[in-house]
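The values are calculated or read from the model by the stated rules, or taken from the named source; none is laboratory data. Computed from a predicted structure; not experimentally measured. Heads up, the Cβs are rebuilt from the backbone with ideal geometry, glycines too, and the neighbour counts pull from every protein chain shown.
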Amino acid sequence: MVRLRRAVRSRPLVVAALAAAAAVVAFATATLVFPYRSLNHDEAVYLQQAALLLDGRLFLQPPVADAFRPWFFVSSPRGLYSKYAPVTAAIYAAGRLAGDYQYALSAVAAGNVALLYGVVRDAWDHRTAAVAAVSLLASPLFVVQSGVFLPYAPTTLLNLAFAFAYFRAERTDSTVWAGVAGVAVGLAFFARPYTAVLFAAPFIAHAGWTLWAAAPAWPDCVARRAATAGLGAAGVAVALGYNAVVTGDPLVFPYEAFAPLDGLGFGHREILGYDQLYTLSLALRSNAEVVGSFLRNWAPFGALGGVLAVVGGAVVARREAWTWRRAVLGGVAVSVCGGNLAFWGNRNILGSLPDHTDGLIHALGPYYHFDVLVPVSAFAAVGVLAVVDRARRVAAVRVGRQSGVAVVLVVGLVLGASAVAATAPPVAENTDVTANYAAAYQPFEPSPPENAVVFVPDPYGDWLNHPFQPLRNTPGFDGPTVYAAGDRAPAVAAAYPDRDLYRYTYRGAWSPQGDTPVEPVLREVSLVTGEAVTATASFGVPSWTAGATVTVTAGGERAHYALTGVDNRSRATVDMHVTDGRVTLSGPVAGADADSVPVNGSTVSMSVLVDGGYGAGFRYRVELPVSTAGQQYRAVTPSRSLCTDLQVCGGPSSTYVPGSGPEGAWINVSVATGRRTAATGGVPRRRL
C-alpha cells in the first residue's frame, strides 16, 4: 500500500502512465474501430500527402491526366497538390518512419495528455492536472478523433505545446521557453491558421496586457515577447512561402486555390458545386447545435463534463482564485466557440439541422471544437475534485474518516460509467460502418492483386479515395497495385502494358451507414487495340418476356433497335462494333444495318430493356470504355449491370453479380479486335 501511494504521488510516473493509456486508446481505436478509415474521406488526403512527403515530393504527377486525381488534390501545371498544409501529413509521415502511420496517432494522443497535464499543473497543481488528463481520456471526442488521420488532434498537440511553453516561460522568465512557444504556435498556424489564431487569442491578449503593465520587468518581458512573436512570425512566413511554391501566390492558401469561396466569413459559400448563403442567424443556430452536441455527447464524461466544468468555474470564482493562467484557459473556450461562428464548416458537419442523427458530427463529433477539450477538461477536473472533497467532508462527519476511499470509488464509478455510456454510441456507430466497409473491401483481402491496375467506380465524382480510402496509390503510381478511374480505362491500360487489369465494382447503393452492405466483385478485364473493336454481350431472355428493346448511346446520340425472336429463345447474343468512327449492332436486332451512332466520347453504352408487360421487367446495361490512338481504337472489357427496379437504374447499384437477378436473367460480356468475337472475358476474379 505504501508503494502504491508513492507511485500515485510520483508525478513522472503518473504522467507516463496517463500518456501510455492515451497511446493505447488511440492505437486500439485506429485498428479496431477504423481499420478501413472513417466516414471523413479527408483521412486519405493526409495519408496520401504523407506518402508524398516521404517520397520527397510536393506534387503528384500521374501518368494519365484525369485518371488519378485523389480527393481534395488541386490540379496545377506542376502537378497535383493537397489542399491542406503539410504539417499534419509530416506528423503522420514521422509515424511511418517509425514503422507504421498509426504510431503517429498514438504519439499525438500521448502528447496531448502529457501536455495538458503540464499546462494544468502550471495553472493549478499536480492533483488537478492528473484529473484533467483523465478527463481528456474520458472524452468521446478525444477517443474517436485520436484514432483517425485528421488534423484536429495534431493541431491541438501544437497548441498545447505553445500553451505549455508560454506558461513555463512566464514562470521561469525564460526567453528559451518563449522561443519554444513561438515555434509551436508558428507550426500550429502553418497547420491550421484559423485554429491556431483562435487558440492563441487569449494568450495574445495576456501578452499585450503584460507589455503594457509590466514596467519594472519591461526589458525581460519584451525579450520573451520578441522571442515568441519572432519565431511565431517565422512559422507564418514558412506558411506563406509554401503557398508561393504550390499556388504561386504567398497570400493564396491551397484550400483557397481549391475552392475560393470555401472560407471564413458570412455570405455566399461554395465548394465543389455545393453552395449556401451562410448568414449570422444560420451561424448562431448551427454553432448552438454543435456546442450543444459537444456538451451533451462529446465532452469529458459525456454530459457530466460540461456540468463539472461549470462547477469548476464556479469554485474558482467563489474562492476568488482566478489567476491569469486560469483566465487564459477559460478564454480559449470563448475564443474557439465564438470564432467558429465565422466558419461555415460547422454548419456542414451537422447534415440536416432538424435531424440530430445525421451528418459527420453524429459519428465523428464536433471536431472543429476539439481545442475546447483543453479548458473543459481543466475546469471539469476542478469540479471533480470539489465534488470529491465536499463528499468526503460530509461522509467524514456522518460515517467516519475511513469513508474517504469509498467516496472516491463511488465518484470514480459514476464518472467511469458516464464516460463509457457516452463513448459507446459513436464507437458502435463507427463499428457498424466498419462492418460495411469490410464487406465492400472483401475482394482485396488478405491483399490486393499484385502487378495489377484496378479500375474503381466514382459514386461521388471524378476522384480517387472518395470514398475508397484504402485504395491509394504510391506517389510514383508504381506500387504493386495501381488504382485508376474507370472512365479512362483504355488510356490507363495502355500506360501499364505489363500489368494485369481488374475492375472493382459492387451491387447496391454505396451507403456505409446503411443497414445493407454492398455486394462487391473484382473482375479481370483485358485491353484490345485495333482498327475495329467488337464488344459482345450474351444475356438471358426469360420465358415471360413480351418484348425487348435495345438502345445504343455514344457521343451524345443514340439509336434504338428491337430484339427479334424473343418468343423462341432463352438467350441472345448481340455484337456492338466500333469502326470508322461509328457504332453499329449485329445479331438478332431489327434496324442494325440502317442505324448507327458516332463515336465522339470515351464510353459507348448499350442497354437492353426486357419487358414482361404490366410494368414488369428489368434492364441490362453494357458500357464499353473506348479511346482512339491514331487510326486505331483501344477498348477495355465492358462493364455489365442488371437493374431490376426500372425507376432507379444507373450507376454501380445496378452492377451485375452472378445470381443476383430474377430467374432467367444473366449477362456475360467480352471484347475483341475486328468484327469477330474473341474469347470471352469478364470472368469474375476469384476473391483473394
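Hey, which of the helices (runs of 4 or more DSSP H) in the range 296-355, taking only ones fully inside, have at least 1 residues that are touching a residue at least 60 places away in the same chain (Cβ under 8 Å), under 30 Å from ALA207 (Cα atoms) and small (Gly, Ala, Ser)?
Numbers: elements: 303-318, 324-339, 345-348.
In the range 296-355, 303-318, 324-339 are the helices (runs of 4 or more DSSP H) which contain 1 or more residues that are touching a residue at least 60 places away in the same chain (Cβ under 8 Å), under 30 Å from ALA207 (Cα atoms) and small (Gly, Ala, Ser).
Considering every residue within the range 289-302, establish whether at least one is of a type in the set (Ser, Thr, Tyr), more than 30 Å from ARG57 (Cβ to Cβ) and surrounded by 13 or more Cβ atoms within 10 Å (Cβ to Cβ). I'd like the intermediate steps shown before the answer.
First, pick out the residues of the range 289-302 that are of a type in the set (Ser, Thr, Tyr): 293.
Subset that is more than 30 Å from ARG57 (Cβ to Cβ): 293.
After this cut, where a residue has to be surrounded by 13 or more Cβ atoms within 10 Å (Cβ to Cβ) as well, the list is 293.
Scanning the range 289-302 turns up at least one residue that is of a type in the set (Ser, Thr, Tyr), more than 30 Å from ARG57 (Cβ to Cβ) and surrounded by 13 or more Cβ atoms within 10 Å (Cβ to Cβ).
Considering each of PRO426, PRO446, PRO375 in turn, give the residue that is touching a residue at least 24 places away in the same chain (Cβ under 8 Å) and not in a helix (DSSP H, G or I).
The conditions single out PRO446.
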Open item on the list: One residue is enough: does the range 519-539 have a residue meeting the conditions in contact with a Ser or Thr (Cβ under 8 Å, 6 or more places away or on another chain) and not in a strand (DSSP E or B)?
Closed with: yes
- [ ] Could you identify the single residue in GLY659, GLY664 that is closer than 24 Å to PRO517 by Cβ, of a type outside the set (D, E, K, R) and outside any strand (DSSP E or B)?
- [x] GLY659
Task: Selection status of ASP580, among the charged types (D, E, K, R) and under 20 Å from GLN631 (Cα atoms) - done: yes
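Quick one: is GLY612 out of contact with any strand residue (DSSP E or B) (no Cβ under 7 Å at 6 or more places or on another chain), farther than 20 Å from ALA672 by Cα and assigned to a strand (DSSP E or B)?
Values: out of contact with any strand residue (DSSP E or B) (no Cβ under 7 Å at 6 or more places or on another chain): yes; farther than 20 Å from ALA672 by Cα: yes; assigned to a strand (DSSP E or B): yes.
Answer is yes for this residue.
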TODO: Just name the residue that is nearest to ASN436 (Cα to Cα) out of those in the range 449-477 that are touching a residue at least 60 places away in the same chain (Cβ under 8 Å) and charged (D, E, K, R).
DONE: ARG472
Open item on the list: Could you go through the range 267-277 and let me know if any residue there is modelled with pLDDT of 95 or more, closer than 30 Å to ALA85 by Cα and among the aromatic types (Phe, Trp, Tyr).
Closed with: no
TODO: Please verify whether the range 589-602 includes one or more residues that are modelled with pLDDT of 90 or more and on the phi < 0 side of the Ramachandran plot.
DONE: no
Task: Subset tally (residues that are within 22 Å of GLY235 (Cβ to Cβ) and in contact with a Pro (Cβ under 8 Å, 6 or more places away or on another chain)) for the range 70-91 - done: 8
Open item on the list: Checking the conditions here, which among ALA44, ALA51, ALA67 is within 19 Å of HIS466 (Cβ to Cβ) and either assigned to a loop (DSSP other than H, G, I, E, B) or polar (S, T, N, Q) (or both)?
Closed with: ALA67
- [ ] Being more than 26 Å from LEU329 (Cα to Cα) and buried (at least 17 other Cβ atoms within 10 Å of the Cβ) is the filter here, so list the residues in the range 201-239 that pass it.
- [x] ALA239
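Residue under question is GLY306, and the condition is that it be within 22 Å of ASN159 (Cβ to Cβ) and more than 27 Å from the chain's Cα centre (by Cα); does it hold?
Details: within 22 Å of ASN159 (Cβ to Cβ): yes; more than 27 Å from the chain's Cα centre (by Cα): yes.
So GLY306 passes the test.
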Task: Sole exception among (1) at pLDDT 80 or above; (2) crowded, with 19+ Cβ neighbours inside 10 Å; (3) within 30 Å of GLU445 (Cβ to Cβ) for GLY661, by number - done: (1)
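When the residues of the range 490-531 are filtered to those that are of a type in the set (Lys, Arg) and at pLDDT 90 or above, which remaining residue is farthest from PRO62 (Cα to Cα)? Steps first, answer last, please.
Keep residues of the range 490-531 that are of a type in the set (Lys, Arg), which gives 499, 503, 507, 523.
Checking the rest, the ones that are also at pLDDT 90 or above come to 499, 503, 523.
Details: ARG499: 17, ARG503: 19, ARG523: 24 Å.
That would be ARG523.
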Open item on the list: What are the pairs with Cβ atoms under 9 angstrom where one residue, in the range 81-98, is touching a residue at least 12 places away in the same chain (Cβ under 8 Å) and the other, located anywhere, is assigned to a helix (DSSP H, G or I) and of a type in the set (D, E, K, R)? Sequence gap at least six, or different chains.
Closed with: LYS83/GLU256; TYR84/ASP42
